[in-house]
Amino acid sequence: MIFPIWSESYLRRFPVLTTFLISLNFIIFLASYGRINYERRKINEINFELLKIEYSIYLKNMDQFKEFSDENRYTILNKVRESLKEGNVNIDEKDYELWRKKYDELISFRENLLVRKVGFIPKKFNFYSLITSLFFHSSWMHIIGNMWFLFLVGINIEDVWGRPFFLLFYLLSGIIANFFHMGLNYSDVPLIGASGAIAGVMGAFTFRFFKNKIKMFIFLPPLLGTFDVMAGIIFPLWFVQQLFNAIYIENSGVAFWAHVGGFLFGLLVSVIMKFSNIEKKVFEEKIEETIETVDKDFRDGVEKISSGDKEGGIELLLKYLKNNPDNIDAIIEIGKTYYEMGNYSVSANYFKKLIDLLYKKKQYDLMIQIFNDYLRDENLKSYTTPGDIYKIVEAYMNKDYSDMSISLGLANKKEELAKAVEILIECYKRYKDSSEAPIILLKLIKLLVNSGNKTQAEQVYNEIKKRFPKYEEQANAFLKGGYL
């Protein structure tokens with residue numbers, strides 16, 4: 001099993017509409033699941049009873065069904081039912097009446113199923129079902145899978161296209177997906193579920209956020225863990241799989257053509273938005289205006305600081321930060337202002353808070369930038385602890401060093417790890433006589449070995465051997481590429 005568990009997101013505001021759509025789908029599911037589940041069981045019971053009657057008729061009248069004798073039982077009973085419907089067989093009148101009564105019960109119950117009232121049925125087209133079908137689901141796995149994908153991609157598209165257009169786009173994606181399904185699968189089977197609409201959002205995400213990382217979970221024993229892959233790779237692979245299934249798999253119960261149609265529509269809309277510049281000209285300005293209104297305390301706080309009222313500005317920024325504790329810009333402004341006021345300890349604490357926040361979010365590049373821009377300042381570096389430094393070193397080790405990043409000039413692993421080594425050496429010099437010193441040296445050995453600098457790693461090993469002999473065994477294990 002390979003499944004996406006997270007998508008790289010940089011949101012400017014809370015995804016209200018995506019949250020609403022997910023909540024609405026779950027509310028409708030909880031309200032309808034009992035009936036759908038009951039109707040599923042009931043129709044299976046009626047159909048099973050009908051099959052028993054048909055099998056009994058088949059056994060009593062085998063001479064009339066000789067042409068079916070080489071088929072499997074399921075095919076035989078299907079053909080027996082068709083023969084009875086068409087009146088092509090001469091059977092006992094009581095048997096026929098018994099069969100007809102049960103068959104009429106099946107048809108009557110089937111026509112009143114909730115999924116047939118709200119689902120999209122190609123052979124019984126009506127406009128309202130194009131929408132209602134998008135909000136009903138048949139099982140827990142069905143809705144959880146769909147809503148998880150909607151969350152992963154919807155929050156980003158809502159953020160860049162705005163809530164009104166995102167809602168219109170979402171509904172249109174579902175409608176187009178239904179039409180695509182109807183054009184290539186003209187059946188009497190009802191279609192329910194949001195997957196066609198979500199496929200549209202995935203198509204838009206693929207083009208608009210091509211380079212964004214999708215964290216995948218893999219469970220294919222002995223493989224177990226997570227890995228990152230670009231949206232522009234994983235979602236097109238998903239599309240190819242859906243297209244293959246649509247062409248070669250029959251009667252699966254999954255609307256693969258709806259997925260294909262929705263994805264292509266979303267991709268097309270995203271391309272049009274990009275090259276027509278609609279997103280930038282129309283949506284971006286309106287969204288920014290909305291964000292400015294919501295972030296009035298932040299804007300006013302920055303203006304007060306710029307005009308010289310630093311304490312008044314900080315007061316407004318702290319008020320804003322109380323409601324938006326993870327806002328990076330607010331934390332930076334507060335840290336910078338306290339620095340300008342000469343309150344270095346408080347300034348350092350805010351920048352350290354930001355480092356912790358970025359560390360939890362695994363935003364390693366920004367984390368390193370904040371550290372180098374602020375916490376390496378002569379007035380602030382004394383407030384950093386070895387624990388802070390370890391996080392920065394880990395950020396250097398875990399940041400993106402993929403071939404694509406290197407080719408774009410975004411990272412050079414050797415140079416970046418050399419900076420991490422420099423930071424650890426500075427840390428060791430500051431804490432040379434503390435109990436933390438041997439731990440710093442052990443981490444330095446590990447970093448040097450990972451960066452291929454074995455000679456310098458041996459020098460650090462000799463330092464440990466000389467000053468901290470009880471750590472010699474651990475240092476030797478690190479030198480050989482082992483772990484504590």
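The values are calculated or read from the model by the stated rules, or taken from the named source; none is laboratory data. This one's a predicted model, so the numbers in the text were calculated from it and none came from an experiment. Neighbour counts are summed over all protein chains in view; Cβ atoms, including those assigned to glycine, are modelled from backbone coordinates with ideal geometry.
Quick look at the numbers
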| item | result |
| --- | --- |
| Flag if residue 338 is in contact with a Gly (Cβ under 8 Å, 6 or more places away or on another chain) and part of a helix (DSSP H, G or I) | no |
| Cross-chain or 6+ apart pairs with Cβ under 9 Å, the range 84-109 first and in contact (Cβ under 8 Å) with a residue 60 or more places away in the chain, then of a type in the set (Lys, Arg) | 109/42 |
| Qualifying position, being in the same structural domain as residue 193 (by TED's automatic domain parsing) and either in contact with a strand residue (DSSP E or B) (Cβ under 6 Å, 6 or more places away or on another chain) or under 23 Å from residue 44 (Cβ atoms) (or both), among 56, 139 | 139 |
| Residue among 23, 56, 32, 7 that alone is under 30 Å from residue 157 (Cβ atoms), of a type in the set (Ser, Thr, Tyr) and exposed (fewer than 15 other Cβ atoms within 10 Å of the Cβ) | 23 |
| Residues within the range 195-225 that are assigned to a strand (DSSP E or B) and either outside the structural domain of residue 178 (by TED's automatic domain parsing) or among the hydrophobic types (A, V, I, L, M, F, W, C) (or both), tallied | 8 |
| Hey, residue 304 assigned to a helix (DSSP H, G or I), of a type outside the set (A, V, I, L, M) and either outside the structural domain of residue 388 (by TED's automatic domain parsing) or within 28 Å of residue 386 (Cβ to Cβ) (or both) or not | no |
| Selection from the range 253-282 of residues that are in a helix (DSSP H, G or I) and under 17 Å from residue 191 (Cβ atoms) | 256, 257, 258, 259, 260, 261, 262, 263, 265 |
| Residue within the range 345-365 that is hydrophobic (A, V, I, L, M, F, W, C), surrounded by 13 or more Cβ atoms within 10 Å (Cβ to Cβ) and either touching a residue at least 40 places away in the same chain (Cβ under 8 Å) or not in a helix (DSSP H, G or I) (or both) present | no |
| Which numbered condition residue 188 misses (of (1) surrounded by fewer than 23 Cβ atoms within 10 Å (Cβ to Cβ); (2) closer than 24 Å to residue 273 by Cα; (3) charged (D, E, K, R)) | (2) |
| Members of the range 443-475 that are within 22 Å of residue 433 (Cα to Cα) and among the polar types (S, T, N, Q) | 456, 459, 462, 474 |
| Subset of the range 65-124 [over 28 Å from residue 35 (Cβ atoms), crowded, with 17+ Cβ neighbours inside 10 Å and small (Gly, Ala, Ser)] | 83 |
| Conditions (1) under 34 Å from the mean Cα position of the chain (by Cα); (2) closer than 25 Å to residue 415 by Cα: number failed by residue 376 | (1) |
| Subset of the range 417-461 (residues that are under 20 Å from residue 479 (Cβ atoms) and among the aromatic types (Phe, Trp, Tyr)) | 428, 461 |
| Some residue of the range 21-30 being in a helix (DSSP H, G or I), touching a Phe, Trp or Tyr at 6+ places or on another chain (Cβ under 6 Å) and either assigned by TED's automatic domain parsing to the domain that holds residue 362 or over 30 Å from residue 361 (Cα atoms) (or both) | yes |
| Matching residues, the range 424-439, being surrounded by fewer than 21 Cβ atoms within 10 Å (Cβ to Cβ), in contact with a helix residue (DSSP H, G or I) (Cβ under 6 Å, 6 or more places away or on another chain) and under 18 Å from residue 457 (Cβ atoms) | 438 |
| 1 or more residues modelled with pLDDT under 85: qualifying helices (runs of 4 or more DSSP H) within the range 52-141 | 73-86 |
| Conditions (1) within 24 Å of residue 363 (Cα to Cα); (2) touching a Leu at 6+ places or on another chain (Cβ under 8 Å): number failed by residue 325 | (2) |
| Selection count, the range 206-223, where residues are in contact with a Phe, Trp or Tyr (Cβ under 9 Å, 6 or more places away or on another chain) and farther than 30 Å from residue 36 by Cβ | 8 |
| Residue 187 vs. criteria outside any helix (DSSP H, G or I), polar (S, T, N, Q) and in the same structural domain as residue 247 (by TED's automatic domain parsing) | yes |
| Residues of the range 1-32 that turn out to be touching a residue at least 40 places away in the same chain (Cβ under 8 Å) and over 30 Å from residue 211 (Cβ atoms), as a count | 5 |
| Restricting the range 142-177 to residues that are at pLDDT 95 or above and among the aromatic types (Phe, Trp, Tyr), the residue that is surrounded by the fewest Cβ atoms within 10 Å (Cβ to Cβ) | 148 |
| From 209, 180, residue being buried (at least 23 other Cβ atoms within 10 Å of the Cβ) and closer than 17 Å to residue 236 by Cβ | 209 |
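Conditions (1) under 26 Å from residue 418 (Cβ atoms); (2) small (Gly, Ala, Ser), marked per residue:
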residue	(1), (2)
297	no, no
300	no, no
312	no, yes
321	no, no
329	no, no
337	no, no
361	yes, no
373	yes, no
376	yes, no
